[in-house]
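In what follows, a structure is listed as structure tokens, so that the remarks can point back to it.
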Amino acid sequence: MRIGVNMFPREIMTSRASYLAVAHSAEAFGYDFLSVSDHVVVPKANASDYPYSEDAKWPGGNSGFCFEALTAMTFLLAVTQRMKVLSSIVVVPHRPAVLTAKMLSSMDVLSDGRVLLGVGAGWLREEFEALQAEPFDARGKVTDEYIGAMKELWTSDSPAYKGEFVEFSNISFLPKPVQKPHIPIWIGGESDVALRRTVRHGDAWFPGNNNPKWRVDTPARLKQRVAKLHEFAEAEKRDPASIGLSYIWFYPVSFTPVSGLDTKRRMFSGNTDDMAADIAALKAIGVSHVSLAFTARSTTEIVHNMQRFADDVMSISR
């Protein structure tokens, strides 16, 4: 199991010093990747429903702070040597397809193949409007086209693409990514639409645990959605075994038990054996990567919790 650290850019995690401390500590403690979320601007007020809370309210909207994701990823790749860096997730329609493909390809080459691309279609209409992106209501089709265009740019010697939202030909696109056939693409989202997008475009499915409409906060619930993913794959004549499975756990790791929605203990809380059992249960379903949150009151406390988890849990779970 590959274990990552989510670099939520909120509260204390909003400075160069905090990013450096957590990134360097994560690499020293043996974590496998860092993950970076994506917002470009934060509307001061919005009527959009946030998919990952019970009340549909976005907690990140309170501060207004966000790093630009690809810039933050580039910084983290530059200050680490071994770990991969994941967009978790980048909103595909926020940025032009050709420019985004070139930025990611450059990042992959300059980091010697350490970029992971988690993608989604987005949920915040007001942000789309502020960015003057393609229409919010067309975001699914835009996402599919942009992914297809980026794959074409990354893999073809004479790339050409003609769609409703992106079109190019008669260009040279170099450098190509170090990773072959292209940068791994993890499709975020838990709905049937996200599962079908994974089958069509993804190297892996990358769900989050706490979407109230499509909850996958226990191994049993996740296993049910994986079965649906495989059903869609078989219908599209794709081998289900060719689709990887990654997972993001939004709640902070806790070394004391925390009750779940309808369980005595939610995952990644409790003692060492509890959390090792969580990892074993996810591995049994086929999860290869899990991104964890170590939010706390200070950078020192975050680093302490990361070290404790690495020493006590990761050491017996690999």
Can you tell me which residues in the range 1-31 are among the charged types (D, E, K, R) and in contact with a His (Cβ under 7 Å, 6 or more places away or on another chain)? 2
A careful count of residues in the range 47-79 that are surrounded by 16 or more Cβ atoms within 10 Å (Cβ to Cβ), polar (S, T, N, Q) and not in a helix (DSSP H, G or I) gives 1
Looking only at the range 168-207, and only at residues there that are in a loop (DSSP other than H, G, I, E, B) and polar (S, T, N, Q), the one that is farthest from the chain's Cα centre (by Cα): 170
Exception for residue 165 within (1) under 21 Å from residue 94 (Cα atoms); (2) within 21 Å of the chain's Cα centre (by Cα); (3) not in a helix (DSSP H, G or I); (4) not acidic (Asp, Glu) falls at (2)
Determine if the range 17-40 includes at least one residue that is out of contact with any helix residue (DSSP H, G or I) (no Cβ under 7 Å at 6 or more places or on another chain), farther than 30 Å from residue 276 by Cβ and not hydrophobic (A, V, I, L, M, F, W, C). no
Of all residues in the range 153-181 being touching a Phe, Trp or Tyr at 6+ places or on another chain (Cβ under 7 Å) and within 12 Å of residue 102 (Cα to Cα), which is surrounded by the fewest Cβ atoms within 10 Å (Cβ to Cβ)? 176
All conditions in (1) among the charged types (D, E, K, R); (2) in a helix (DSSP H, G or I); (3) buried (at least 16 other Cβ atoms within 10 Å of the Cβ) are true of residue 228 except (3)
Filter the range 99-118 down to residues that are surrounded by fewer than 19 Cβ atoms within 10 Å (Cβ to Cβ) and touching a residue at least 40 places away in the same chain (Cβ under 8 Å) and give me whichever is nearest to residue 170 (Cα to Cα). 102
Just the residues that are assigned to a loop (DSSP other than H, G, I, E, B) and touching a Leu at 6+ places or on another chain (Cβ under 7 Å), please, taken from the range 208-225. 216, 217
Being at pLDDT 90 or above, part of a helix (DSSP H, G or I) and under 26 Å from residue 297 (Cα atoms), is that true of even one residue in the range 87-107? no
Which of the following residues is closer than 30 Å to residue 55 by Cβ and modelled with pLDDT of 95 or more: 178, 199, 216? 216
State which residue pairs qualify: first residue closer than 17 Å to residue 292 by Cα and part of a helix (DSSP H, G or I) and inside the range 10-30, second residue among the charged types (D, E, K, R) and modelled with pLDDT of 95 or more in any location, beta carbons under 7 Å apart, and separation of 6 or more residues or different chains. 27/82
Among the numbered criteria (1) in contact with a Lys or Arg (Cβ under 9 Å, 6 or more places away or on another chain); (2) over 20 Å from residue 294 (Cβ atoms), which one does residue 274 miss? (2)
Answer with yes or no whether residue 43 is within 19 Å of residue 127 (Cα to Cα) and more than 20 Å from the chain's Cα centre (by Cα). yes
Looking at (1) outside any helix (DSSP H, G or I); (2) under 16 Å from residue 1 (Cα atoms); (3) not hydrophobic (A, V, I, L, M, F, W, C), which one does residue 266 not meet, given that it meets all the others? (2)
Among the residues of the range 231-253, what is the count of those that are assigned to a loop (DSSP other than H, G, I, E, B), free of Cβ contacts under 8 Å to residues at least 40 places away in the same chain and either within 21 Å of the chain's Cα centre (by Cα) or at positive phi (or both)? 1
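The values are calculated or read from the model by the stated rules, or taken from the named source; none is laboratory data. Bear in mind that the values here come from a model prediction, so they are computed numbers and not experimental data. Every residue, glycine as well, gets a Cβ built from its backbone with ideal geometry; the counts of neighbours run over all protein chains shown.
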